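Everything on this sheet refers to the single structure shown next.
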Amino acid sequence: MNSTTLEGQGQNLTGNVKEAVGKVTGDDSLQAKGTADQVIGDAKQMAGAARDAIGDPGPLLDKARAFAKDRPWTTAALVGTLGVAVFNTLRGK
């Protein structure tokens, strides 16, 4: 377990508390902030788990760079698609 995973767990816990307090007090804004904190905390936990799973990313990064150099248009399309997916996820669609 690394610091990113621990930070994500902390943010997730904080989000749970904010959401609960928002529900109890009827504060929709606080409740929404709590939900957002939970989503960000989950993402940080996944990033930390990925970092643990990959270990030494050197060879993987070399492969990614070679792929991007050999296939720039495919790389641009992939990055654009991922960007649209992340954007739509963050705005709630």
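Quick note: the coordinates plus some simple rules give every number you see, no bench work behind them. As the structure is a computational prediction, the values presented were derived from the model and not from experiment. Glycine also receives a Cβ, built like all others from the backbone with ideal geometry; neighbour counts cover every protein chain displayed.
Some notes on this structure:
- The Cβ shell under 13 Å around ASP27 holds other residues with a net charge of +1, Lys and Arg each +1, Asp and Glu each -1.
- For the chain, a simple Cβ point-charge model (Lys and Arg +1, Asp and Glu -1, everything else neutral) yields a dipole of about 340 debye relative to the Cα centre.
- Local net charge near LYS44, Cβ-Cβ under 13 Å (Lys/Arg +1, Asp/Glu -1): -3
- Share of pairwise Cα separations in the chain, more than 15 Å, in percent: 71 percent
- Estimated from the Cβ-Cβ distance and a Förster radius of 35 angstrom, the FRET efficiency linking ALA77 and ALA47 is about 0.90.
- Calculated FRET efficiency, ASP28 to SER3, Cβ-Cβ distance, R0 = 41 Å: about 0.80 to the nearest 0.05.
- Rounded tilt (10° steps) of 58-70 against the dominant C-alpha axis of the chain: 60 degrees
- Summed side-chain charge close to ASP70 - residues other than ASP70 whose Cβ falls under 13 Å, Lys, Arg +1, Asp, Glu -1: +3
- Considering only alpha-carbon pairs that sit under 8 angstrom and 6 or more positions apart, the relative contact order computed for the chain is 28 percent.
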